[in-house]
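Single-structure report; data block below.
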Amino acid sequence: MMKQEQMTVVRHKPIAKNIYELTLSGHLVEEMNAPGQFVHVKVTSQAAPLLRRPLSLCRIDQNARECTLIYRKEGIGTTLLSEKRPGETIDVLGPLGNGFPLDAVEKGQRALLVGGGIGVPPLYELAKQLVKKGVIVTSVLGFQTKEVVFYEREFAEFGETYIATVDGSHGTKGFVTDVIHERAISFDVLYACGPKPMLKALEQMFPDKEVYLSLEERMGCGIGACFACVCRVPGSETAYKKVCSDGPVFKAGEVVL
Amino acid sequence: MNRLAVELPGLSLKNPIMPASGCFGFGREYAQFYDLSKLGAIMIKATTKEPRFGNPTPRVAETPSGMLNAIGLQNPGLEKVMKEELPWLAQFDVPIIANVAGSTMEEYVEVAKHISKAPNVHALELNISCPNVKKGGIAFGTVPEIAAELTKLVKEVSEVPVYVKLSPNVTNIVEMAKAIEAAGADGLTMINTLLGMRIDVKTAKPILANRTGGLSGPAIKPIAIRMIYEVSQAISIPIIGMGGIQSAEDVIEFFYAGASAVAIGTANFIDPFVCPNIIDKLPALLDELGIDHISECMGRSWKKGERSVYCGA
């Protein structure tokens, strides 16, 4: 059940250029169970910046009652967030949305995880839970350049991990789809999170496979009330899904990308 | 004595706090956080005759102390609202104010006629001020004669009192309010969002797919206060005020300006508990201000002798 809580900053550090890893502790963690869910963070009690920021859950540690978020410092909100020190509290609403379906893949089957940029974090908890289930995990992570690559080693602990950078400064030069093609990676189920063009490319590349895509969209409320983050459903003029409450994970083909 | 109870045409409110239309859906999401019966009323999302998808995304953009939206009146349509949403809301002890929208006068009339028959709909809010739709919406809310004609037509068919939601995107809001009052409106709700725009510095493209959107949030509060202050002294029907309310203090300020009840919009997105929290905090604030009943706040800032105070019943 979603709740609102002042969570405490436990650890907070930059892990790549403008990429921060933020670990929070609080009772809210007890409600977090699905990889791919997100939280809605209010970075200040002031009126500016006004809106909450949707950030995906990267790690969930029920024993320590801690969760980790990874975000990119980009605008005013994330810059303010990056200044939070251990011991300070942050207003968190969550967990929100529906995560990646773990039951889509059986023990012994192969899952391919594809992440692009700041879409990589939610795949970490997914990889962790899939491996625990006995699924063979392969990860392909795409970034712009070497400076913003993160969690390569962490993903490698769960299985084969490949990196693509657009400028070729690390791993394969090009996109995640180039790596998948080049390595002829086989899989039973594909899970992906990242920019829309990447998700579109994956959807087109594997029309006959079971593919789950996590979408990102500008949100108002994060809980389904404001209708800001809707997407169309194929073949209908009026049908829609809300990214925040129906998603953010959808089966390929379920919504129009 | 319930110090927060307010009487308005069609509405016996246990408190004057209600979520504003378009910021609360049909209540289902917020019902996961608290009992909706706690609210004074609920202004549900705008309803049109047919289901409406709305505008392409992105539909929201942040601004200093505010947000722009261009949802475009997305809603499931009259039939579904009547069959599914209103009966679901009937489980709560809270009057519903149905926001009525349309592309033509006939459509407004059709929606008003049917939705006003729902047992838990106690009033209509005529949406003539949505800035995000090409047909209807603001087109009806910027020309006094057209707004008056539409008000008259809807009044003829509505089985409950009709409140008209004023747009701030006009040169003379007092003139508009007077025309609507003369046409028989039972009350006004104001203000709707202000037309605004943001452009991405990196791409030079408008952030909203619709290019322009409606500005809401604390950034617009001073404009709402000014407009309510001016309009409330020029008319005799009550005003439900809205525009950037975030706290109990903001509510009192709206009453001082001339509102008889208030609606809370954008603040729900930032704090889902904002409405019940404000309701809880109001009695202590009244104590602090030495005020027995919230209605006594109404119009306190008016110029002396402008007109008698509307205190509800």
Sequence order, region B:32-39: Karplus ³J(HN,Hα) from phi using 6.51 cos²θ - 1.76 cosθ + 1.60, θ = phi - 60°, Hz rounded, Gly and Pro as x, gives 6, 9, 7, 6, 5, 5, 5, 6
Taking Lys and Arg as +1 and Asp and Glu as -1, residues besides B:ARG198 with C-beta under 15 Å from its C-beta add up to +3
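So which trypsin sites (Lys or Arg not before Pro) in region A:9-63 are both in a DSSP loop and have at most 14 other Cβ atoms within 10 Å of their Cβ? Write down the numbers at each step before the final one.
Numbers: sites: A:ARG11, A:LYS17, A:LYS42, A:ARG52, A:ARG59; in loops: A:LYS17, A:ARG52.
Counting only loop positions with at most 14 other Cβ atoms within 10 Å, the trypsin sites (Lys or Arg not before Pro) in region A:9-63 are A:LYS17.
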Check: C-alpha center region B:1-64 vs C-alpha center region A:146-185, spacing in Å is 47
Dividing the mean separation of Cα pairs under 8 Å (6+ apart) by the residue count of chain B yields a relative contact order in percent of 19
Dividing the helical contributions, -39500 (n - 2.57) per DSSP H run of n ≥ 4, by the residues of chain B yields a 222 nm value, nearest 500 deg cm²/dmol, of -8000 deg cm²/dmol
Dividing the mean separation of Cα pairs under 8 Å (6+ apart) by the residue count of region A:163-257 yields a relative contact order in percent of 21
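So what is the 222 nm mean residue ellipticity for chain A from helices alone, if each DSSP H run of at least 4 adds -39500 (n - 2.57) and you divide by all residues, rounding to the nearest 500 deg cm²/dmol? Walk me through the numbers on the way to the answer.
Details: 5 runs with 43 residues, N = 257.
Calculated at 222 nm, the ellipticity per residue is -4500 deg cm²/dmol.
When the Kirkwood hydrodynamic radius is evaluated over all pairs of different C-alpha atoms of region A:1-69, what value in angstrom, to one decimal, is obtained? Could the numbers behind the result be given before it?
Values: mean 1/r = 0.0781 Å⁻¹.
Here the Kirkwood hydrodynamic radius works out to 12.8 Å.
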Given the candidates A:LEU50, A:GLN62, A:ALA34, the one whose Cα lies deepest towards the positive end of the charge dipole of region A:7-65, counting +1 at each Lys or Arg C-beta and -1 at each Asp or Glu C-beta, is A:LEU50
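Just list whichever of B:LYS45/B:LYS80; A:LYS84/A:LYS242; A:LYS3/B:LYS38 have alpha carbons separated by over 21 Å in the model shown.
Check vs 21 Å cut-off fails for A:LYS84/A:LYS242.
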Applied in sequence order to region A:129-136, the curve 6.51 cos²θ - 1.76 cosθ + 1.60 (Karplus, θ = phi - 60°) yields integer Hz couplings, x standing for Gly and Pro, of 6, 5, 4, 4, 7, x, 8, 8
Of the convex hull drawn through the C-alpha atoms of region B:190-236, the volume per residue in Å³ is 80
If every Lys and Arg gets +1 and every Asp and Glu gets -1 at its Cβ, then about the Cα centre chain B yields a dipole, in debye to the nearest 20, of 780
Here the longest stretch of chain B that holds no chymotrypsin sites (Phe, Trp or Tyr not before Pro) in a DSSP loop having at most 16 other beta carbon atoms within 10 Å is B:35-272
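Over all directions, what mean area does the Cα convex hull of the protein assembly as shown project, stated in square nanometres?
26.3
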In whole Hz, the Karplus estimates of ³J(HN,Hα) for region B:155-162 (6.51, -1.76, 1.60; θ = phi - 60°; x where Gly or Pro) are 4, 4, 9, 6, 8, 10, x, 10
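Taking 8 Å as the Cα distance limit and 6 or more residues as the minimum spacing, I'd like the relative contact order of region A:215-256 as a percentage. Mind dumping the intermediate values first?
Values: 59 pairs, mean separation 16.6, N = 42.
So the answer I get is 40 percent.
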hull vol. (C-alpha, convex hull) per residue for chain B, Å³ -> 124
Within region A:110-213, pairs of Lys residues whose Cα atoms are less than 25 angstrom apart, provided they are eight or more positions apart or on distinct chains, add up to 12
Expected unfolding gain across A:GLU237-A:LYS133 under the 0.36 nm per residue rule, minus the alpha-carbon gap, is 33.4 nm
Largest fluctuation, A:LYS73, A:LYS107, A:LYS146 only, Gaussian network model of chain A with Cα springs under 10 angstrom, belongs to A:LYS107
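When you look at the Cβ of every residue in A:238-244, what mean number of other chain Cβ atoms sits within 10 Å? Don't skip to the answer; put the middle values down first.
Values: counts 9, 3, 5, 0, 2, 1, 1.
Mean shielding by partner chains, rounded to a whole number: 3.
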Counting only Cβ distances under 4.7 Å between cysteines, those in chain A with no partner are A:CYS58, A:CYS67, A:CYS193, A:CYS229, A:CYS231, A:CYS244
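The numbers here are math on the coordinates, done by the rules we state, and not lab data. No experiment lies behind these values; they were computed from the predicted model shown. Virtual Cβ from ideal backbone geometry, glycine too; neighbours counted across all protein chains shown.
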